[in-house]
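Take a look at the structure below.
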Amino acid sequence: MAELLYTLDTRKIAQSIYKGENFSADEFLYIRCVALINSKPFYNAVIAGRKKLKTDLEFETLLSIPALAWARCHHKQPNEYPYLTKYCYETMSNKEGWKEVSEDDIDTYLSSLTDQPLDIEVAKCSCGHHEFQVKINQQNQVIQLICIHCGDVIELFHHQKPELKLRIKKCSNCKQDIFKVHIGTYIVNEHQKKYYIGGLCQKCDHIFLLMEGIIHI
């Protein structure tokens, strides 16, 4: 149980609940307990990001069950419970789960999507910033990166014939639409190039595949 709670102790899950950095460490622990009592499929869905925990549901009692069960079996008091867990379930004990997300993590994520080595570049506006809204011009299937600082538009693959598949245009966690954008590509054959466009949400640090597709070269 401690290991399951430890695994849930991440910045990503906390931000999906609170939409920010200010929250009670104890409350987040009690909310995590809810995932354990709602079945294995529910727990796995929370880990995968398909379900979200809520602030109005807690189950602190779960934490005392092992000591109470031991005390009843051994006719002792719960505070005499002698065992220490391998994993600490207190909030922010999972150091790996709470580390800051960096742009290198976008590259790692994109590389995990394919067995092919990717050529990855960072989208950057001429004004020096690289925070964009991402859109598709449906008329000519051009990908548009709109700089949120100066409003300039970068058009990707303007003179090519991309087959686009839009995965996401807003963060599914916080519903914001501003991303740092990285583009990974590899050569499929002499006529085609595969590409993946990944984005790091600038509000909640979630990483997404924004678009993928084939470019005809």
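The values are calculated or read from the model by the stated rules, or taken from the named source; none is laboratory data. Note that the structure is a prediction, hence the values are computed from the model and not measured. Please note: Cβ atoms are built from the backbone with ideal geometry, for glycine as well, and neighbour counts cover all protein chains shown. Only protein heavy atoms, including side chains, enter the accessible area calculation; ligands, DNA and RNA are left aside. Shrake-Rupley method; radii C 1.70, N 1.55, O 1.52, S 1.80 Å.
When the accessible area of the chain is split by element with a 1.4 Å probe, what percent falls to carbon and sulfur?
It is 49 percent, rounded to a whole number.
Helix 65-74 sits at what angle to the longest principal axis of the chain, using alpha carbons and giving 0 to 90 degrees rounded to 10?
30 degrees
Once amide H atoms are built 1.01 Å from N in the peptide plane, which residues 5 or more positions from residue 142, or in another chain, come under 5 Å H to H?
137
Add +1 for every Lys or Arg and -1 for every Asp or Glu among the other residues with Cβ under 13 Å from the Cβ of residue 3, and state the total.
Every neighbour counted, the sum reads +1.
Ignoring ligands, DNA and RNA, what accessible area per residue does the stretch 1-134 give at 1.4 Å, in Å²?
64 Å²
Would you please name the GluC sites (Glu not before Pro) within the stretch 162-217 that are DSSP coil residues with at most 14 other C-beta atoms within 10 Å of their C-beta?
Answer by residue number: 190.
What residues have an amide H closer than 5 Å to that of residue 167, excluding those fewer than 5 places away on the same chain, when H is modeled at 1.01 Å from N in the peptide plane?
211, 212
Mind jotting down the distance between the C-alpha centroids of the stretch 1-38 and the stretch 166-217, whole Å?
So the two Cα centres are separated by 28 Å.
About the Cα centre, and with charges only on the beta carbon of Lys, Arg (+1) and Asp, Glu (-1), how big is the dipole of the stretch 1-115? Nearest 20 debye, please.
Computed charge dipole of the stretch 1-115: roughly 580 debye.
Structure shown: which of 12/76; 135/194; 95/194; 52/86; 170/194 lie over 30 Å apart, alpha-carbon to alpha-carbon?
From 12/76; 135/194; 95/194; 52/86; 170/194, over 30 Å: 12/76; 95/194.
How much net charge surrounds residue 31 when only the other residues with a Cβ under 13 Å from the Cβ of residue 31 are counted, with Lys and Arg +1 and Asp and Glu -1?
Every neighbour counted, the sum reads -2.
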